[in-house]
2 protein chains.
Amino acid sequence: MRIVVLAGGIGGARFLRGLKSAVPDADITVIGNTGDDIHLFGLKVCPDLDTVMYTLGGGINEEQGWGRTDESFTVKEELAAYGVGPEWFGLGDRDFATHIVRTQMISAGYPLSAVTEALCDRWQPGVRLLPMSDDRVETHVAVTLDGERRVVHFQEYWVRLRASVDAEAVVPVGAEQAKPAPGVLEAIAAADVILFPPSNPVVSVGTILAVPGIREAVAAAPAPVVGLSPIVGGAPVRGMADKVLAAVGVDATAAAVALHYGGDLLDGWLVDTADADAVAEVEAAGIACRAVPLMMTDVEATAAMARAALDLAGAGR
Amino acid sequence: MRIVVLAGGIGGARFLRGLKSAVPDADITVIGNTGDDIHLFGLKVCPDLDTVMYTLGGGINEEQGWGRTDESFTVKEELAAYGVGPEWFGLGDRDFATHIVRTQMISAGYPLSAVTEALCDRWQPGVRLLPMSDDRVETHVAVTLDGERRVVHFQEYWVRLRASVDAEAVVPVGAEQAKPAPGVLEAIAAADVILFPPSNPVVSVGTILAVPGIREAVAAAPAPVVGLSPIVGGAPVRGMADKVLAAVGVDATAAAVALHYGGDLLDGWLVDTADADAVAEVEAAGIACRAVPLMMTDVEATAAMARAALDLAGAGR
């Protein structure tokens, strides 16, 4: 079974771990969000790709969901001693090595997709991890700070500001000019099933879909497309997805997110049992919908979610 | 008193510490060798500049003479886990931060001299540290390995090969096109005394002098020029200077090194008491020469060497 997953960071990575557990023999291609990539200290950092790679490769810091386990922060402390920041982005020593290798390879002329493959040679994530694009796309967020309108990098909004102010607009800068990375469109076309994990529908899956050609390929793919709601009981399970949903005029409800993706993309949608009353509204839009437990409390619970998504995909064929 | 010192790495840095102790109120400008700079992991590493900066700024690993004290090697281990080397160059986590800041500033368009000044803002070495040039100069060494003639970077010769094979030629690649960094020629012209510490006469002081304009400025400077022999009793005090001296056809003796610099550059030369019989030969070349203890066993012994050099400079005026 060939499965394509459009994934953001923590939520996507944890879902993938459950999916691998549910269907260990499946051929899984992950199309990873690179809109939250950021250049820090002259190094190219790809938080979502790394979170997927570290999580599936056994190197993730389980408690925080991102970054490396058994991490130290000597380099960051030394950079701060030089007065060089930002200090709000927690790059550890082990993590630095990943960004150093990536930056060196990119400077040598390798595209991000080739770099990601090389990094995965070490981590053996058990999936094929593709960046959505080899071109630079950077999600910016318009905010008002101290009465002044400013545009900040998504990471600054998410990590430094902790989404504490409203996102007035979310713009994937560069997306319009970006091309899907090699293999992305081919994987979508050849998939037996396409999954949207409970990743952020705006700044994760939405950014991937903003790369010209990807949304169209997903919509045109013969495979059923099934998503899992990142909203449970009217609130994001994790993160601050409601903030960026508001920026695109979408309510933070399981049904509203499904309708935001739309019936042209989605064949099926899973909502949490707490949102069972959303099923009728989603199905009215022509999207098959079921209510199942959607809390990724452990790998087994997550595997059950993945199985439910695959079941729904099978039913929708 | 304005003192200009042409310095390499460990020997130059330790001499400078003694000099500062001997004349704490002097205005000292250090012209540092950058010929052993190397790009590692996509980062610009300046071993000699950093050794001077760390030594005078209190951050040096005293035992080994280079690198940071209280150092860890997490980044390097992680790079090795990615299969990325070289493993023979010992970059620690604290040291990495220096190279990350430097590389980021250089990528942003700052010349090495401005970067060095910014790094010294933190370390406060108590001297003005100038790279010999903002242009890239890289010392290469011709060797025969397994019967094959090869050209290797100086660091590969010195650190990886431990100078275990003959240096057949030593070439400061790029030196001919390099310009002295801003302030270098001005400092030389304005100096009250110019000192050559017991640094390597070929790959440290020799490389600095190979930048067009610097040798000429030293020769033309009104200030007396006094050097200290890095050879004591027919062997380098530290390092493997004899190997690279052989490459330029100079014997590893205190007198031969003085004559290699030559009477057009040197006004005075200090040899170790073990080499007192070299005094007559050096003086015959028109270079004032004295024999004093030249082992930098501690700061006080080194300060005595510095005082002897300044005394000789005063006598030579």
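Against the criterion of being in the same structural domain as residue B:298 (by TED's automatic domain parsing), within 19 Å of the chain's Cα centre (by Cα) and buried (at least 24 other Cβ atoms within 10 Å of the Cβ), residue B:250 does not qualify. There is at least one residue in region B:200-212 that is more than 15 Å from the chain's Cα centre (by Cα) and not polar (S, T, N, Q). Residues being within 23 Å of residue B:203 (Cα to Cα), surrounded by fewer than 20 Cβ atoms within 10 Å (Cβ to Cβ) and outside the structural domain of residue B:14 (by TED's automatic domain parsing) are entirely absent from region B:93-104. Among the candidates B:15, B:73, B:96, B:89, the residue that is of a type in the set (Phe, Trp, Tyr) and touching a Phe, Trp or Tyr at 6+ places or on another chain (Cβ under 9 Å) is uniquely B:96. For region B:55-69, the candidate set comprises residues that are buried (at least 22 other Cβ atoms within 10 Å of the Cβ) and among the hydrophobic types (A, V, I, L, M, F, W, C); within that set, the residue that is farthest from residue B:161 (Cα to Cα) is B:56.
For region B:94-112, a residue qualifies if it is touching a residue at least 60 places away in the same chain (Cβ under 8 Å) and closer than 21 Å to residue A:87 by Cβ, and exactly one does: B:103.
When B:22, B:26 are checked against the criterion of being of a type in the set (A, V, I, L, M, F, W, C), farther than 17 Å from residue A:74 by Cα, in contact with a helix residue (DSSP H, G or I) (Cβ under 6 Å, 6 or more places away or on another chain) and in the same structural domain as residue B:230 (by TED's automatic domain parsing), B:22 stands alone in meeting it. The selection criterion, being of a type in the set (Val, Ile, Thr) and closer than 21 Å to residue B:4 by Cβ, does not hold for residue B:279.
Apart from one condition, residue A:238 fits all of (1) among the basic types (Lys, Arg); (2) within 20 Å of residue A:3 (Cα to Cα); (3) modelled with pLDDT under 95; the exception is (2).
Total residues in region A:215-240 satisfying the condition of being closer than 20 Å to residue A:19 by Cβ and either surrounded by fewer than 24 Cβ atoms within 10 Å (Cβ to Cβ) or in contact with a Leu (Cβ under 7 Å, 6 or more places away or on another chain) (or both): the figure is 13.
Among the strands (runs of 3 or more DSSP E) confined to region B:1-96, the ones with at least 1 residues that are within 26 Å of residue B:134 (Cβ to Cβ) and under 12 Å from the mean Cα position of the chain (by Cα) are located at B:2-7, B:27-32.
Within region A:41-88, the set of residues being touching a residue at least 60 places away in the same chain (Cβ under 8 Å) and within 17 Å of residue B:119 (Cβ to Cβ) comprises A:42 only.
Restricting attention to region B:253-276, the residues being of a type in the set (A, V, I, L, M, F, W, C) and surrounded by fewer than 21 Cβ atoms within 10 Å (Cβ to Cβ) number 5.
Restricting region A:70-82 to residues that are more than 7 Å from chain B (Cβ to nearest Cβ) and touching a Lys or Arg at 6+ places or on another chain (Cβ under 8 Å) leaves a set whose member that is surrounded by the most Cβ atoms within 10 Å (Cβ to Cβ) is A:71.
The values are calculated or read from the model by the stated rules, or taken from the named source; none is laboratory data. Since the structure is predicted, the reported quantities are computational estimates derived from the model, not experimental observations. Backbone-built Cβ (ideal geometry, glycine too); neighbour counts: all protein chains shown.
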